[in-house]
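The values are calculated or read from the model by the stated rules, or taken from the named source; none is laboratory data. None of the values given here were measured: they were computed from a predicted structure. Glycine also receives a Cβ, built like all others from the backbone with ideal geometry; neighbour counts cover every protein chain displayed. Protein only, heavy atoms only, side chains kept; ligands, DNA and RNA dropped before computing areas. Shrake-Rupley method; radii C 1.70, N 1.55, O 1.52, S 1.80 Å.
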Amino acid sequence: MDVRKITESLLLSGIKRKLAEWGTDLEIPVSVEIPRQEEHGDFSTNAAMQLARRVGKKPREVAGELVEAIRQEDEDGWIASLSVAGPGFINIVLSDDAWREVVATALRKGNRFGASDQAKGENVLLEFVSANPTGPLHVGHGRGAAVGDALARILSFEGYEVATEYYVNDVGNQMDNLGRSLFARYLQECGRDAQLPEDGYRGEYLAALAREFREEAGDRYMTASVDEALPVFRKVACDRILEGIRKDLEEFRVVFGNWFREEKLHRDGDVKDSIEALRGREMLYESDGAIFFKSEAHGDEKDRVLVRSDGRTTYFASDVAYHRHKFRRGYARMIDIWGADHHGYAPRLLAALRGLGEEESRLEVLLVQFVTLIRDGKAVQMSTRSGEFTTLREVLEEVGTDAARFFYLLRSHHTHLDFDLTLAKTRSAENPVYYIQYVHARICSIFREAAARETPLSDPPPLSSLSLPDELALMKKVARFPDVVSEAARLREPHRIPFYLIELAREFHAFYQNHRFLGETPERTQGRLALARAVMIVVRTGFSLIGVTAPERM
């Protein structure tokens with residue numbers, strides 16, 4: 001039940017009634033907003049000002065006529081009062097029964113309260129993280145994982161058919177360098193004086209992998225040449241690092257529906273086919289033995305190489321083939337979540353899609369800004385060599401999955417994030433995730449006490465007793481949930497969920513300090529238990545949408 005949408009529907013009906021009286025079939029978008037000042041009502045609309053210019057009347061005059069028409073449409077008493085303000089705004093105050101109906105709906109729908117089927121099963125492919133399998137996930141990847149997984153959950157809740165995918169870059173120079181680096185580390189473990197490649201990978205994780213592999217393989221490859229050993233060590237490094245990434249993500253409660261390997265694109269001929277498709281559309285040219293895509297003609301800053309002069313294809317060529325492959329799979333919409341350092345890559349890829357004749361509007365690219373770890377008020381150095389942790393796993397070990405996921409979503413992904421490790425570990429009201437989880441635990445405690453007093457929540461509960469200002473305020477906050485979820489899905493902004501949950505928790509804790517849930521008159525006790533259950537449902541559901549647990553005891 002979305003009170004905003006119901007209110008909008010009433011407004012639209014009233015406007016249509018009035019337009020019919022005026023003998024016109026104008027159509028205007030009807031929207032209501034929540035006023036910043038509470039005295040201006042629960043909702044406000046500027047519909048009268050939009051109409052006034054078209055019907056040749058003064059806005060306040062139109063507003064007055066619309067108010068009367070809306071009242072005639074409100075047969076169920078949804079609206080308590082309508083008033084005209086300022087240059088022609090219509091301020092709307094809903095009836096107490098409207099807010100009580102929100103509580104009744106929440107109890108009836110349970111964990112589906114706030115869900116929508118407006119997407120009608122539209123299929124979406126959501127690709128995120130997709131870190132190169134050259135090392136463990138770092139803290140920046142954690143933010144992308146939290147945003148992507150939360151968005152997938154939210155979109156599913158809103159009626160989309162969501163598929164999630166991790167794209168594995170397992171081809172090219174980086175994988176050769178990884179294989180050579182592991183081979184060098186392996187030789188060192190065998191007592192050989194082997195040097196890491198100049199552009200190799202130097203993390204301690206690779207030395208640990210080399211030790212593990214030598215325990216299994218012994219000295220079998222100690223006398224092998226680099227060319228002989230490379231295929232083996234490249235595969236071992238890629239597969240085991242990828243398995244570590246998979247385990248870290250599972251610990252982070254992120255499970256992908258598909259792991260798509262770049263190698264498949266080469267093996268199946270998709271890279272070659274994509275290049276030929278661009279050639280067939282006269283989008284390529286040769287220069288100095290290399291093949292270029294005319295990306296500048298499609299909005300990129302310059303033309304891009306697809307095939308080097310030595311015949312090797314570029315990473316860009318693989319990305320073009322990958323996205324062409326995604327388009328061919330028939331998804332209505334595709335969403336890529338990338339790190340902020342890829343901001344220049346989006347125009348290049350979109351140019352390629354235009355060059356291929358694809359409907360580029362089906363692809364959305366979300367950029368996730370960088371993360372700074374803060375401990376005791378100071379930024380943590382992000383260098384692996386410094387001894388400070390930089391991996392997602394180390395963050396999870398320090399603060400736990402609940403806190404990590406919540407803190408990653410505490411800011412819009414459009415902005416830089418300072419991740420306060422000290423605060424994330426604090427078990428007090430200062431820690432927002434603890435503060436909200438305590439709401440759920442507190443309500444569970446209320447119901448345990450109610451059971452002990454043999455005062456179960458009746459079905460249906462009497463809600464007429466909910467009339468105090470604090471009760472109405474809490475009901476109004478519960479009523480916001482469907483609207484918040486809808487906005488989070490539409491704007492691709494999962495952070496709106498934790499923002500809202502903090503506000504709801506603040507409202508509930510204040511209510512708890514000032515009012516009793518048990519020991520009141522039977523009717524009032526039942527009403528407040530119903531209100532507590534509605535809050536509990538919203539907290540539990542909101543947490544589930546961002547992958548955080550709702551404990552029953554704390």
Could you go through the range 233-248 in sequence order and give the Karplus-derived ³J(HN,Hα) for each residue, using 6.51 cos²θ - 1.76 cosθ + 1.60 with θ = phi - 60°, rounded to whole Hz, and x for Gly and Pro?
6, 5, 5, 4, 4, 4, 5, 6, 5, 5, 5, x, 4, 4, 5, 4
So for the range 144-224, what are the equivalent ellipsoid semi-axes in whole Å, largest first, each being the square root of 5 times an eigenvalue of the Cα gyration tensor?
40, 13, 11
Mind checking Rg over Rh on the range 395-478, alpha carbons, Kirkwood formula for Rh?
1.12
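Please report the orientation-averaged projected area of the range 23-161, defined via the convex hull of its C-alpha atoms, in nm².
13.6
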Compute the distribution of all C-alpha to C-alpha distances in the range 273-348, in bins of 5 Å from 0, and list the percent of pairs in each, rounded to whole numbers.
3, 13, 22, 26, 20, 11, 4, 1
In whole percent, the Cα-Cα distances of the range 432-481 spread across 10 Å bins from 0 upward as 20, 38, 39, 3
Could you state the per residue volume, in Å³, of the convex hull enclosing the Cα atoms of the chain?
199
Please work out the Cα center distance from the range 78-137 to the range 180-197, rounded to the nearest Å.
57
Regression test value, accessible area per residue of the range 46-86, probe 1.4 Å, units Å², expected 55
Checking the range 355-453 for GluC sites (Glu not before Pro) in a loop per DSSP with at most 14 other beta-carbon atoms within 10 Å yields 359, 388, 430
Could you tell me which of rounded, prolate or oblate describes the range 155-285, using a ≥ b ≥ c as the square roots of the eigenvalues of the alpha-carbon gyration tensor, with rounded for a/c under 1.5 and, failing that, prolate when a/b is larger than b/c and oblate otherwise?
oblate
Counting only protein heavy atoms with a 1.4 Å probe and every protein chain in place, the carbon and sulfur fraction of the accessible surface of the chain in whole percent equals 46
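Accessible area per residue, 1.4 Å probe, Å², for the range 452-554: what's the number?
On the way: 4260 Å² over 103 residues.
Averaged over the residues of the range 452-554, the accessible area is 41 Å².
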Whichever lysines have a C-alpha closer than 21 Å to that of residue 57, once near sequence neighbours (fewer than 8 apart) are set aside
16, 18
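What is the projected area of the convex hull of the Cα atoms of the range 363-515, averaged over all directions, in nm²? Intermediate results must be reported in sequence, preceding the final value.
Values: hull surface 51.8 nm².
Result: 12.9 nm².
Could you list the trypsin sites (Lys or Arg not before Pro) in the range 459-531 that lie in coil according to DSSP, counting only those with at most 14 other Cβ atoms within 10 Å of their Cβ? Let's see the in-between values first.
Details: sites: 476, 477, 480, 490, 492, 496, 506, 516, 524, 528; in loops: 480, 492, 516.
Answer by residue number: 516.
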Compute the distance from the alpha-carbon center of the range 409-426 to that of the range 494-532, in whole Å.
26
Between the modelled labels at residue 222 and residue 21 (7 Å from Cα along Cα→Cβ) the distance in nm is 9.7
Label the range 209-329 by shape, choosing from rounded, prolate and oblate, from the square roots a ≥ b ≥ c of the eigenvalues of the Cα gyration tensor; if a/c is under 1.5 it is rounded, and otherwise prolate applies when a/b is larger than b/c, oblate when it is not.
oblate
Provide the per-residue ³J(HN,Hα) series for the range 542-547, in order, calculated from phi with Karplus coefficients 6.51, -1.76, 1.60 and θ = phi - 60°, each as a whole number of Hz, with x at glycine and proline positions.
x, 4, 4, 6, 10, x
